[in-house]
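Report on the structure given below.
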Amino acid sequence: MTKNPVSFEETLKQFDRSANQQAVLLAEQERQEVVKRFPLDAWPTMPLSRYALGQGNKQESFCWWLEFGTPHVGSIKGGSARKHIIYKQGDDEWWFDRQTYKTEQEAWEAVRANFMDAFAKAQKGQWDAVDQLEQIGWGPALRTKTLYCYFPDDLLPISSIFHIVHFLRLLGNEDASTSGYEVVRLNRLLLSTLRQKSELKGWNNKELERLLYFWADPRDQRK
């Protein structure tokens with residue numbers, strides 16, 4: 001189990017909710033901007049040009065907003081652009097799963113359908129099934145942040161499977177593992193674990209995220 005020198009209970013005494021309200025407000029404003037620009041009912045007809053990075057349209061693309069336009073919601077910056085599943089490369093060529101699809105448009109139609117399936121499952125409370133959707137399985141951080149933007153009461157704004165497992169283990173779930181990349185299920189498990197604490201009654205999910213990182217930021221423990 002990961003060790004932390006300060007107990008969760010002691011951290012609760014030290015954490016200043018009021019000092020974090022500005023960050024919580026900014027995150028909510030960014031989230032609402034995403035929902036306004038890309039409403040759920042627009043997804044069935046959303047063109048690839050409104051989704052993918054690398055087309056020179058930056059703020060017009062959903063993936064730009066998820067990676068760069070919503071830093072207070074939670075960062076997914078860095079690493080490979082492949083986390084976006086489809087994007088246009090610097091050489092003006094599309095990157096997508098060429099072993100499965102012949103064209104970027106064919107790939108996009110499959111990815112878009114998976115996103116819509118994820119939204120439908122979320123609305124029905126079938127959260128565990130979301131991680132099993134194959135075409136968005138390539139982007140665990142992307143699908144988690146996307147779902148948080150549309151369902152902020154049902155997930156924590158934490159997209160890294162490694163961070164989620166880190167917090168779960170500190171809270172006593174030593175079996176939590178990154179091997180299966182069940183990021184949505186584990187995010188929900190972490191949220192449920194926190195919701196069981198009576199001291200956190202009335203806290204919104206962004207506040208809970210701020211508390212966790214105040215307590216035991218996994219980035220501070222990297223050597």
Residue count, segment 179-190 (criterion: farther than 18 Å from Pro157 by Cα and open to solvent by 60 Å² or more (accessible area, probe 1.4 Å)): 1
Exclusive hit being in contact (Cβ under 8 Å) with a residue 24 or more places away in the chain and acidic (Asp, Glu), set Glu182, Glu134: Glu182
Candidate set from segment 105-119 (those that are more than 22 Å from Gln55 (Cα to Cα) and either touching a residue at least 24 places away in the same chain (Cβ under 8 Å) or over 17 Å from the mean Cα position of the chain (by Cα) (or both)); member that is surrounded by the fewest Cβ atoms within 10 Å (Cβ to Cβ): Met116
Residue in segment 207-219 that is within 14 Å of the chain's Cα centre (by Cα), at negative phi and among the hydroxyl-bearing types (Ser, Thr, Tyr) present: no
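Residue by residue, here is whether (1) crowded, with 21+ Cβ neighbours inside 10 Å; (2) in contact with a strand residue (DSSP E or B) (Cβ under 9 Å, 6 or more places away or on another chain); (3) more than 21 Å from Ser80 (Cβ to Cβ); (4) touching a residue at least 24 places away in the same chain (Cβ under 8 Å) holds:
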site	(1), (2), (3), (4)
Thr144	yes, no, no, yes
Tyr150	no, no, yes, yes
Ile164	yes, no, no, yes
Ser177	no, no, yes, no
Ser192	no, no, yes, no
Gln196	no, no, yes, no
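The values are calculated or read from the model by the stated rules, or taken from the named source; none is laboratory data. This structure is a prediction, so every number in the text was calculated from the model and none was measured. FYI the Cβ positions are ideal-geometry reconstructions off the backbone, even for glycines, and counts take in every protein chain you see. Accessible surface is based on the protein model in full, side chains and every heavy atom, while ligands, DNA and RNA are left aside. Shrake-Rupley method; radii C 1.70, N 1.55, O 1.52, S 1.80 Å.
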